[in-house]
Every structure is written in C-alpha cells, then in structure tokens.
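> Got a structure here, written out as structure tokens. Questions coming.
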Amino acid sequence: MFLAEEEQGALPPKGDFSAWYNELLWRAEIMDVRYPVKGLYVWYPFGFAMRRNVYDLLRALLDRDHQEALFPLLIPENEFAKEAEHIKGFEEEVYWVTHGGLTPLEVKLALRPTSECAIYPMYALWVRSHADLPLKIYQIVNTFRYETKHTRPLIRLREITSFKEAHTVHTTWEDAERQVEAAIALYREFYDRLCVPVIISRRPEWDKFPGADYTIAVDTVMPDGRTLQIGTVHHLGDHFSKTFQITYEDAGGEQKYTHQTCYGISERCIAALISMHGDDRGLILPPDPAPVQVVIIPITIGKRKEEVSAAAEGIGKELAASGFRVKIDTRDIRPGAKYYYWEMRGVPLRLEIGPRDLDARQVTAVTRLGEKSQIPRETLVDGVRDRLSSFSAALRERAEAHVRTHIGVSHTLDEVAAAVEHGVTLVSWCGNRECADLLEEKTRAAVLGTDVRSAYLVDAGGPCVACGKQGTTALVGRSY
RNA sequence: GGGGUAGUAGGGUAGCCUGGUCCAUCCUAGAGCGUUUGGGACGCUUUGACGGCAGUUCGAAUCUGCCCUACCCCA
C-alpha cells in the first residue's frame, strides 16, 4: 500500500520536514533548485504568481503611508565603507564588482547586501527641512550575500530575490520609535493575512542589525520546531544620519540630525507560508496568496459532456466576474488526477460539476482541508465566499494550534535542551551574554530575544536559567 | 568553520572495486495509435543520460587530480 502510493508519487511525509520541503518546492512548481550556482534558485511561473500575490498584499499595506522607489544595485566602495559598524557586519558577505569588461575599476562596486549605503547618500540630498519629514520610502529588490552556511531555497540564499526594505527618516528618536511600533503592527497584519502566527521579540545586543540602536524581530515556528526569522525592524537612531550627513532645519532654523528606522521582509515569508500550512499532499494556501483560489473540475462523461462543459464555463465566468482567481481544468485526464494536481498546488477550494450536480442544480465544493459540501447553483458566489472565509479561519486556527503546542516554559538548562528538540521555549534570563553563551553551549539553542510579544506568551518568571540571578522572560530556540 | 557521502535521461537507481567501444532498469514527461473516464486508467511503439576540466590509456561512466553542485552530521 505504502509502496503503491510512492509509485504514484506521494510527497515524503511532512514529519520529515527537510525532505518534504525540498521535494514540495519542485513538485508544486515553486522553485527550481537546479540552477548551477550555489544559493541561487529559479522561480517557476506558479511560484512567481504566488510571490506576486504575497508582495501585492505587502505593497497594499505599505502604500497606505509609504512611497515605493527604486535605488541602484551597485554601491561604490567609498559609500559602503562609511559606516564602520555596518560594514563590519557585512564585510564577509559582500560580492564585489571589480571589472568593467577587461578594465579594472578604480572604485570597486558592491552588490548591495542591503541598501542603506545606496539610499542614505540620496536621503542626505532629499531631506532639507522638518517639513520633508517623516520620509517613508520602500523598495522591493534583490540583494546579494555570500552566505557561507548551508544555503536553502527561500530561506538562506546568496541572491535574495524579493527583499522588501523600508527606510524612514524622522525628526526625533521618539518619532522613529513610534515608526518601529507602526512597522511591527504592519507586519502583524501582513502575516495575519497569510495566516502565519508570529512571535515578536527584541534581539539581544550582539544580534542586532549592524549600526542599529536596537532590533525587533518577527519569528515563526516551523513544523520541525525550529524558528524562522521572517521580518526585522531596526531603530537606527542617528548613526547613519551622522555618517551620511542627513540633517534637517527645524522650525527654529537650526540644523539637526535626523533619526531613522529600516525594516525588511524577504521571501522567507513565502517559506513560512508554505511550511506552516502544507501537508502530506502538498501545499495549502490561504485564499489571499493563492495563485488559483478556486479550481473547477468538470466531470465530463459521454453524451452530457457539452452540457457539463458549458455549465463549468458559466460558473467560471460568474466567479471571475466576482473577483475570484478561477481556473477551469479541462485537460483530458481523469478527474482524480486533477484533484491530486491541484491539491499539490494548494488551491483552497475545488468545485466539481458533473451530470449529477446539473440535475440537482448545485455544485460540489471541497476545501483543501477536505471539507465537502454542496452549493446551490443560484447562490454560488456567496457560497464560495463563505467557504473561502471559513477556510481561512480554519487555517489560521490550525497554524496557531501548531505554534501554541510548540512553545513552552523551561526553568532549567536541561529542560531547555529537551524543549528545543521540538519547539521554542521561554526562560528567565538575566541579560548577560555569558549566560546566553552558556545556554547555547549546553543546549545548542540561542537566546532569540527579550520583551517577547506573543498571544502565546506566559511569563517565564523566576531566576535566570543559567546563573540564578534576577531575570526577565526571553525566547529561546534553534533557528534556521 | 570542520567532517562525511554522492553526482548516470525530467526524477530515482544498477553498472565502477576488477577499464573493452549499442550504459540497463523503474517512475514521470513528450510524440503516435487504440481502448478508457464522479479520486492518480491501460496496452503497444517511440524520444531522451554517464556534473565540468585535465591526466593515465590503444580504449574511461569505471582509474588519478582539480573544480562545480547537492545532501547529511558535527561545531
């Protein structure tokens, strides 16, 4: 039985997450990993359509009060070298362009690992007056990092293809801090639309963005219990402002340094999306990001083929006119084969229409979670809308249950070591690096952050898990 | 960062140790013909591969070296 399934091409079980993930990527036509350069992967059209939907969503959220722009990929060495702490954080990972054709360049050009050094010299020109502030700009671009660790499609790449980075400029530190909170709220909303639960925390000093005052991170818990950082928000203070001379004239006519933030999300959001919801049969996508929201399978047999096809066309048109992304699968293969095909690709809702449905003036609806029902033909659009929204709710609930059951509280290092085998854990931590290092050594897990914000949070309480001194709650886990 | 294993058709394997000139097989995909059709249909015909570069040799998938890529384990 098991062998038969394998011959028919079942995925590895999701319990074997690494194998499941790798195979799903090409079976669901998301990424082709066979490009012959380490850490670079190809988006298939289906994966790209999903990417577009996800980033359209993100764009729509940002466009409420940000402007989209586009800065160059290449950064001259002298600009790149300006902020000492920043370059130190990235120097091991930068790709350099050293030649134009056969001619060595007088000034080497960096492929952006992130765009601060491309954007801020321009901000210095753009920002004149307090009336120009706040300035909130974002771009969606590729960035390059020469990763030395194991690369993994969508998760650790040498070319991040889909980096949304926002860079804001403010008059005061406090105003920038408010922007940090606004960005966190925006990211929460974004991930809610993807039905991906998140845990927000403040990264330890040594793990913050190079050149930032502090870094707030957005993490999620993957199926194997490891965490994935799927967003960061940085308060940059006036570090970059001083480096790049971004000043403004205040109402009193005085020149002052600006305060800045930046925050980013990469295609890791898609890794989280597919990993969180997928199952042994393939992808499961919430309606918002799904390239195909409703697939219609005409059950065409014998003499009524024309009639069924026409009915399928009719419901397809009606749903498309109501704004759904619909696909009618008219391929000349058996219906069962189509079911498997679209299940692999995560389509939220399947509508079947055959002679029996015609006679009963209905369509048969099956969600990707396997809930089967009939929708009267007359109330089709409402029926589809209902099923999609309850499908979203069910997905969100499922995902939250996963996170809730993979987060615990530990009071000793032994408990931590056991907990991080299958999830994340909250501990009490004194805040000293020595204790974090000891914890990492004993448990092979890291202190991810403090000031943990999560619906699943309980106060860890008690003395520091490593040294016994007074501590506060911190998030600990193994991360990708 | 350290170590290990491996690369043969779109995917998975055999052959390699012991070199021999049409590289075999399974799945899938494509082309063709026929029978099929409410959960992965079937028969027959056919297309398609030794990761790259160099070396050894009369002769290399096989031996040697380097490179590239992938996966696993440890830090």
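> Helix A:45-62: angle to the longest alpha-carbon principal axis of chain A, degrees 0 to 90, nearest 10?
Its long axis makes an angle of about 50 degrees.
> Just the number please: accessible area per residue for segment A:88-220, 1.4 Å probe, all protein chains included, in Å².
It amounts to 41 Å² per residue over segment A:88-220.
> Pick out, from A:Leu58, A:Phe48, A:Tyr191, the residue whose Cα sits farthest towards the positive end of the charge dipole of segment A:17-277, with +1 on the Cβ of Lys and Arg and -1 on the Cβ of Asp and Glu.
The residue sitting farthest along the positive end of the dipole is A:Phe48.
> In debye, nearest 20, what is the charge dipole magnitude of segment A:173-231 about its Cα centre with +1 on Lys and Arg Cβ and -1 on Asp and Glu Cβ, if you could check?
Charge dipole, segment A:173-231, about its Cα centre: 220 debye, nearest 20.
> Can you list which of the trypsin sites (Lys or Arg not before Pro) found in segment A:107-150 are DSSP loop residues with at most 13 other C-beta atoms within 10 Å?
Hits after loop and neighbour filter: A:Arg128, A:Lys149.
> Under 5 Å between amide H atoms, partner at least 5 residues away or on a different chain: which partners does A:Ile296 have, H built in plane at 1.01 Å?
A:Lys327, A:Ile328, A:Asp329, A:Leu351
> Ranked highest first by average number of other Cβ atoms within 10 Å, how do A:455-463, A:166-174, A:247-255, A:351-359 line up?
With the highest mean Cβ count within 10 Å placed first, the list reads A:166-174, A:351-359, A:455-463, A:247-255.
> Let me ask another. Run the numbers for A:Lys149 and A:Glu23: contour at 0.36 nm per residue of separation, minus the present Cα-Cα distance, in nm.
Net length gain for the segment: 43.3 nm.
> Angle between the Cα long axis of helix A:305-321 and the longest principal axis of chain A, 0 to 90 degrees, nearest 10?
On a 0 to 90 degree scale, this one is about 30.
> Here's another thing I want to ask about it. Over what distance in Å are the Cα centres of segment A:219-270 and segment A:320-392 separated?
About 43 Å separates the Cα centre of segment A:219-270 from the one of segment A:320-392.
> Under a point-charge model restricted to the Cβ atoms of Lys and Arg (+1) and Asp and Glu (-1), what is the dipole moment magnitude of chain A relative to its Cα centre, in debye to the nearest 20?
1320
> Then there's this: Counting other Cβ atoms within 10 Å, keep those with at most 16, restrict to DSSP loop, and tell me which chymotrypsin sites (Phe, Trp or Tyr not before Pro) in segment A:56-110 are left. Let's see the in-between values first.
Details: sites: A:Phe80, A:Phe90, A:Tyr95, A:Trp96; in loops: A:Tyr95.
Hits after loop and neighbour filter: A:Tyr95.
> Measuring from a point 7 Å past the Cα of A:Met122 along Cα-to-C-beta, which residues in segment A:166-189 have an amide N at less than 20 Å?
Counting backbone N atoms under 20 Å from the label point, the list is A:166-170.
> Another question about this same structure. Got a number for carbon plus sulfur as a percent of chain A's accessible area, 1.4 Å probe?
Values: 11030 of 21760 Å².
Exposed carbon and sulfur together represent 51 percent of the surface.
> Please give the peptides A:367-375, A:233-241 ranked by average Cβ packing (other Cβ atoms within 10 Å per residue), highest first, as a rough proxy for protection.
A:233-241, A:367-375
> Another question, then. With unit charges on the beta carbon (Lys/Arg positive, Asp/Glu negative), name the residue among A:Val363, A:Gly336, A:Ala320 whose Cα is farthest towards the positive pole of the charge dipole of segment A:294-386.
Highest projection toward the positive end goes to A:Gly336.
> Considering only A:Phe244, A:Leu413, A:Met31, whose Cα is most displaced toward the positive end of the charge dipole of chain A, charges sitting on Cβ of Lys, Arg (+1) and Asp, Glu (-1)?
About the Cα centre, the residue reaching furthest to the positive side is A:Met31.
The values are calculated or read from the model by the stated rules, or taken from the named source; none is laboratory data. Given the structure is predicted, the values throughout are model-derived calculations rather than measurements. We place every Cβ from the backbone using ideal geometry, glycine too, and count neighbours over all the protein chains shown. To get the accessible areas, we keep the full protein, side chains included, count just its heavy atoms, and leave off ligands, DNA and RNA. Shrake-Rupley method; radii C 1.70, N 1.55, O 1.52, S 1.80 Å.
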